[in-house]
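**Student:** Below is a structure I'd like to ask you about.
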Amino acid sequence: MLVVGLTGGAGSGKTTVGRMLREEGAYVIDADEIAREIVKPHKPAWEALRKAFGDQILDREGAIDRKRLSERIFSDPREREHLNRILHPPIRQEILRRLREVEHRDPEAIVVIDAPLLLEVGLHHEVEKVLVVRAKESQQIERLRRRSGLSEELSRKIIGAQMPLEEKLKVADFVIPNEGSLEETRRKAKEVFRILKRLAKQREKKKGGT
C-alpha cells in the first residue's frame, strides 16, 4: 500500500484534486468529511464543542454552525487551539482506522489522505509522499467566499492561520497547480497519479524479490 498525503491552503482546490485522484483509482480518506461526521448532534465531539463554546455555535436544528464557529475561533488563537485539541485526536484516530481497513482489503492500494492540516498535526509522518495543491491567495479568498459565503476578512484570517504555502512546498514531493483551468489541474493530477502507480508497482516488485 502506498500512502500519500494531500494538502493545501483553504480554498486551494485540494478537495477537487482529491476527487480527481479518486476517479483515477485512489482510495481517498477525507479529513474534512470525517470532521463533519464526528460533530453530528449528540456525538462525543459535538458534546465537547457545545460544552466548550456554548449553544451559540449551534443552528436551529442543533447542528454545529460551521460559519459561526469559524468566525469565533479565527478571532481568537486560544479558542482555535481549544477546538484543535477537541477535534484532532478523533480525526486522526479515524484516519488511521480507515488506513488499516484499506490495507486489509487491498494491500496494493494507493491511499490519499486529504487533510488541510496534514503537516500542522504531524500526519505527514504517516505518509510516504506529500502532494501540495497550489493556488494564488486571491483565488483562495474568492473560492472561500463563493463556496462558504465567508467574508473577505474571515477568509484572510483562515488562510493566515494555516501554515504558509512556502513552508508546505518545502516538504512537497509533488505540486499540483490549481491556478488555471480545471482541465489543466486534471492533467497534472493524472500525471501525478501515473507516477504514484509506477512507484507502487516498483515497491511491490522489490517486496516480491526479497
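**Student:** Taking the Cα centre of segment 2-204 as origin, work out the dipole magnitude from +1 charges on Lys and Arg Cβ and -1 charges on Asp and Glu Cβ, in debye rounded to 20.
**Tutor:** Result for segment 2-204 is approximately 160 debye, rounded to the nearest 20.
**Student:** Any idea which of Gln139, Gly18, Ala31 is furthest toward the positive side of the dipole for segment 13-166, if Lys and Arg beta-carbons carry +1 and Asp and Glu beta-carbons -1?
**Tutor:** Of Gln139, Gly18, Ala31, it is Gln139.
**Student:** In the P(r) worked out for segment 2-204, what percent of Cα pairs fall beyond 26 Å?
**Tutor:** Beyond 26 Å sits 35 percent of the P(r) for segment 2-204.
**Student:** In this model, which of Lys168/Lys201; Lys14/Lys206; Lys129/Lys168; Lys14/Lys129; Lys129/Lys157 are farther than 21 Å apart at the alpha-carbon?
**Tutor:** Lys168/Lys201; Lys14/Lys206; Lys129/Lys157
**Student:** Right, something else. Would you calculate a helix-derived [θ] at 222 nm for the chain, using -39,500 (n - 2.57) for each DSSP H run of n ≥ 4 and dividing by the full residue count, to the nearest 500?
**Tutor:** Dividing the helical sum by the residues of the chain leaves -18500 deg cm²/dmol.
**Student:** Using the alpha-carbon atoms, what tilt in degrees (0 to 90, nearest 10) does helix 137-148 show relative to the longest principal axis of the chain?
**Tutor:** Rounded to the nearest ten degrees, it is 70.
**Student:** Next question, about the same structure. Amide H neighbours of Leu58 under 5 Å, counting only residues 5+ apart in sequence or on other chains, H built in-plane at 1.01 Å?
**Tutor:** Asp65
**Student:** Lys/Arg Cβ at +1, Asp/Glu Cβ at -1, dipole of segment 80-210 taken about the Cα centre: which of Leu119, Pro90, Val192 is farthest positive-ward?
**Tutor:** Positive-most Cα among the choices belongs to Val192.
**Student:** Same structure, new question: From the backbone phi of segment 179-193, what are the Karplus-calculated ³J(HN,Hα) couplings (6.51 cos²θ - 1.76 cosθ + 1.60, θ = phi - 60°) in whole Hz, Gly and Pro given as x?
**Tutor:** For segment 179-193, the Karplus-derived couplings read 10, x, 7, 4, 5, 5, 5, 4, 4, 5, 4, 5, 4, 5, 5 Hz, x marking Gly and Pro.
**Student:** Given the chain, what percent of its DSSP beta bridges are antiparallel, to the nearest 5?
**Tutor:** Bridges in the chain are about 5 percent antiparallel.
**Student:** I need the phi-derived Karplus couplings for segment 109-114: 6.51 cos²θ - 1.76 cosθ + 1.60, θ = phi - 60°, integer Hz, Gly and Pro marked x.
**Tutor:** 5, 9, 10, 10, 9, 8
Each value in this text was obtained by applying a stated rule to the coordinates, not by laboratory testing. Since this is a predicted model, take the numbers as computed values, not measurements. When we count neighbours, we look across all protein chains shown, and the Cβ atoms used for this are built from the backbone with ideal geometry, even at glycine.
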